[in-house]
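The values are calculated or read from the model by the stated rules, or taken from the named source; none is laboratory data. This structure is a prediction, so every number in the text was calculated from the model and none was measured. Neighbour counts run over all protein chains shown; Cβ positions are idealised from the backbone, glycine included.
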Amino acid sequence: MGYRVAVMGATGAVGREILKILAERDFPIKDIAALASPRSAGKEISFGEKKVLKIQNLETFDFNGWDFVLASAGASVSAIYAPKAAEAGCIVVDNTSYFRMEPDVPLVVPEVNPDALKKAKRNIIANPNCSTIQMVVALKPLHELFKIKRVVVSTYQATGGAGKKGMDELFTQTKSSLIGESITRGNFTKQIAFNCIPHIDKFMDDGFTKEEWKMTVETKKILDPDIAVVATCVRVPVFIGHGEAITIECERPVDLEKARKALRNADGVILYDERQDEGYVTQIEAAGEDASYVSRLRIDPTVPNGLAFWCVSDNLRKGAALNTVQIAESMVEQNLVSQK
Ligand code: A2P
């Protein structure tokens, strides 16, 4: 018993993590394929402790007979190959932003809206943006208790969110800067080493960036269309892990002890909030872990029913690869996929 799973973009930062997580969590696999561009075809990549996979060229891959395609090779690649795989009968879990806001494509965080998977009529399911995922996991128990009206969020996002090339750019610029060489820019619009850049994805007409827009519209689609979200998204010189300073305004009175209890019991959340030196979680501790960590929980006295907190998570795991694998697991658990 097992499924035939193809990983699209297997050589990338998220693709590698998907392979790692499939092996770690013992996903029921009968056959596994690692797909990437013709540049990588024929090279080898490890899967779990013992297995080595030969990378296959996505352009010539035959999707017929495969159960799942877990895609993380960029929006333009998904635009072509996700529908192709879906038409061949595969369930596609897509990590890019390409299909997220299409009404007939479920946008899913399994701890928050697993029932939406039942509506995957096109065989395509979208994985939300990394900064949205960790936030909605933490917001869900608070929304159930206090009914959130408005969210104000500022992010501190790792370079890994821009893929392997983003992490390479931070490494190279840091090294150049320390040895006194000139800095070269590639992926980021300003120097990222020893700097913070308040600009992720392209600018929109209203002055927000597309990353900020994604946090707003995706939270509405996943959690509640009535929640207003205003975001400021900032790239910081960290390799892995997104931090978020979140403030919520609620309809009902906020009780700190009730909030703590609900967060302690919530799936996917770990509350670590000691109100002392080191009594909170940072990116370094979250990297390689699965949870959305919540710390620095406190009442916001400047608005009625306000609550402020810090949230941090591994953007390559819960923010991308882990959520993708959890979606596939939830499809299996809910009997929504038939084995080929
Ligand atoms: P490759 O390594 O062969 O270029 P990241 O987001 O970390 O930069 O990774 C992007 C992933 O998407 C890589 O696995 C990359 O493969 C893959 N990819 C990028 N462009 C294409 C393409 N045109 N066809 C297939 N895979 C692609």
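Show the residue pairs that are 6+ apart or on different chains and have beta-carbon atoms under 7 Å apart, the first residue being within region 70-82 and touching a residue at least 24 places away in the same chain (Cβ under 8 Å) and over 12 Å from Ala34 (Cα atoms), the second being part of a helix (DSSP H, G or I) and within 10 Å of the ligand (Cβ to nearest atom).
Final answer for the pair search is Tyr81/Leu58.
Residues to consider are Arg235, Arg298, Arg252; find the one that is closer than 30 Å to Ala13 by Cα and either surrounded by 18 or more Cβ atoms within 10 Å (Cβ to Cβ) or of a type outside the set (Asp, Glu) (or both). Break it down into steps so the answer makes sense when it comes.
Values: Arg298 fails: closer than 30 Å to Ala13 by Cα; Arg252 fails: closer than 30 Å to Ala13 by Cα.
The conditions single out Arg235.
Do we have Asp94 as within 16 Å of the ligand (Cβ to nearest atom), charged (D, E, K, R) and under 24 Å from the mean Cα position of the chain (by Cα) here? Break it down stepwise before answering.
On the way: within 16 Å of the ligand (Cβ to nearest atom): yes; charged (D, E, K, R): yes; under 24 Å from the mean Cα position of the chain (by Cα): yes.
When the stated conditions are applied, Asp94 passes them.
Quick check on region 50-68: of everything there that is in contact (Cβ under 8 Å) with a residue 12 or more places away in the chain and assigned to a helix (DSSP H, G or I), which residue is farthest from the ligand (Cβ to nearest atom)?
Glu59
Suppose we keep only residues that are under 17 Å from Gly319 (Cβ atoms) and of a type in the set (A, V, I, L, M, F, W, C) within region 195-216. Which one would you say is surrounded by the fewest Cβ atoms within 10 Å (Cβ to Cβ)?
Ile200
Counting just the residues of region 14-28 that are within 19 Å of Ala287 (Cβ to Cβ) and among the acidic types (Asp, Glu), which one comes out farthest from the ligand (Cβ to nearest atom)?
Glu24
One line per residue, one yes/no per condition, for (1) of a type outside the set (D, E, K, R); (2) in the same structural domain as Val92 (by TED's automatic domain parsing); (3) not in a strand (DSSP E or B):
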{"position": "Gln276", "(1), (2), (3)": "yes, no, yes"}
{"position": "Gly279", "(1), (2), (3)": "yes, no, yes"}
{"position": "Asp290", "(1), (2), (3)": "no, no, yes"}
{"position": "Ser295", "(1), (2), (3)": "yes, no, no"}
{"position": "Thr302", "(1), (2), (3)": "yes, no, yes"}
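Restricting to region 1-10, give me the number of residues that are in contact (Cβ under 8 Å) with a residue 60 or more places away in the chain and near the ligand (Cβ under 10 Å from one of its atoms).
3
Could you tell me whether Asp104 is of a type in the set (Asp, Glu), more than 16 Å from the ligand (Cβ to nearest atom) and in contact with a Gly (Cβ under 9 Å, 6 or more places away or on another chain)? Explain how you work it out, then say what you get.
Values: of a type in the set (Asp, Glu): yes; more than 16 Å from the ligand (Cβ to nearest atom): yes; in contact with a Gly (Cβ under 9 Å, 6 or more places away or on another chain): no.
In short, no.
Checking the conditions here, which among Glu59, Glu87, Glu49 is at pLDDT below 95 and farther than 15 Å from Gln326 by Cα? Full working, then the answer.
Numbers: Glu59 fails: at pLDDT below 95; Glu87 fails: at pLDDT below 95.
The unique qualifying residue is Glu49.
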